[in-house]
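Only one structure is covered here, and it is reproduced in the block below.
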Amino acid sequence: MAADDPIIEVDNVTTAFDGHVIHRHLNLTVHRGEVLALIGGSGSGKTTLLRLLLGLEVPQSGTVKIFGHPLGRCAARDLERVRYRWGVLFQNGALFSALNVFDNIALPLRELKSVPADVIAPLVMLKLAQVGLKPDDALKRPAELSGGMVKRVSLARALILDPQLLFLDEPTAGLDPDSAKQFVKLLRKLRQELGLTVVMITHDVDTLFAVVDRVAVLADQHIIACGPLTQVARLPHPFVRNFFLGHLERCAEEDVKRFRLSLDDTSDDGGVPAVLREEQTAH
Ligand SMILES: Nc1ncnc2c1ncn2[C@@H]1O[C@H](COP(=O)(O)OP(=O)(O)OP(=O)(O)O)[C@@H](O)[C@H]1O
Ligand SMILES: [Mg+2]
């Protein structure tokens, strides 16, 4: 695979559940190192598209290639190898409620079976710190975490195998504005440090402005447009108009740049979520 080959190629995919068509002749390409956002109305088929990319759903017709491997047509061993090259943050976090934070993050490492037990603990603690959580958080159960912390733990688990490709389904949904901003800053930092390719489903306009390179719009059963935010936001399509309502004046390229610079300028809190910062100052 050449360095500039696409990491993901979705070619002419049609998906249906019980005869109900979700995607019709859908095409999408994702390039190495980019952050691509997927937007679309509720029920338009964004999560289903993500599940197709993960090989968790099979299309009626068409092909999905990841790292050059056609899903569904490559050998089970090849697919296993490809799977270890991506990490996923599911829409609801999908943490195991019976496992504590440490064991949730360690799970993909343990599944590999080839990682020695004494290496697992330092790797997990490193990821915990990388997503801005404290060592003490390792022993908490998911029920004891705030929404922002659940997202961070899910992100740590998605990153534990050092993937090249990261899938995020609504990473900031359900967070208060401050936690959402902290999460987006964390993503920007990780992307710079790890050189990740990211595919992110989001309906949060601020997240788009803060971090994405291209936006793909899923509507009318296919990708109706895919390009830079500043261009896509001006599409005369009812969904796009509604989505960017009240935000068009921020869409000039220099305004987006200024917004991103302003995020870098704000004081560095080490990626610690707002809720923890308040706790720390209170003691
Ligand atoms: N396993 C399934 N069996 C039957 N129908 C399904 C299945 N998965 C998804 N669907 C249907 O496919 C459509 C698209 O669902 P999907 O979850 O992909 O939407 P979405 O764009 O992610 O929506 P949201 O923004 O609300 O998360 C919905 O009508 C849903 O009911
Ligand atoms: Mg969804």
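Summary of computed values
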item	result
Among the residues listed as Leu49, Leu54, Leu112, Leu36, the single one being surrounded by fewer than 20 Cβ atoms within 10 Å (Cβ to Cβ) and within 16 Å of ligand 1 (Cβ to nearest atom)	Leu54
Matching residues, the range 37-94, being closer than 17 Å to Met1 by Cβ, modelled with pLDDT of 85 or more and part of a loop (DSSP other than H, G, I, E, B)	Phe67, Gly68, Leu71, Arg85
Arg214 within 13 Å of the chain's Cα centre (by Cα), more than 16 Å from ligand 2 (Cβ to nearest atom) and either crowded, with 16+ Cβ neighbours inside 10 Å or more than 22 Å from Glu9 (Cα to Cα) (or both)	no
Residue check, Glu80 within 29 Å of Thr230 (Cβ to Cβ), among the charged types (D, E, K, R) and more than 16 Å from ligand 1 (Cβ to nearest atom)	no
Matching entry among Leu126, Leu133 (being away from ligand 2 (no atom under 16 Å from the Cβ) and assigned to a helix (DSSP H, G or I))	Leu126
Near pairs, Cβ below 9 angstrom, 6+ apart or cross-chain, from the range 40-61 (over 18 Å from Asp204 (Cα atoms) and without any contact (Cβ under 8 Å) to a residue 60 or more places away in the chain) to any residue that is of a type in the set (Gly, Ala, Ser) and outside any loop (DSSP other than H, G, I, E, B)	Pro59/Ala16; Gln60/Ala16
Check on Arg24, farther than 17 Å from Asp220 by Cα and basic (Lys, Arg)	no
Failed condition for Thr172, given (1) of a type outside the set (A, V, I, L, M, F, W, C); (2) at pLDDT 90 or above; (3) within 16 Å of ligand 2 (Cβ to nearest atom)	(2)
Which numbered condition Arg51 fails, given (1) within 14 Å of ligand 2 (Cβ to nearest atom); (2) under 20 Å from Arg214 (Cβ atoms); (3) touching an Asp or Glu at 6+ places or on another chain (Cβ under 9 Å)	(2)
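The values are calculated or read from the model by the stated rules, or taken from the named source; none is laboratory data. Computed from a predicted structure; not experimentally measured. Every residue, glycine among them, receives a Cβ derived from its backbone with ideal geometry; neighbour counts consider all protein chains shown.
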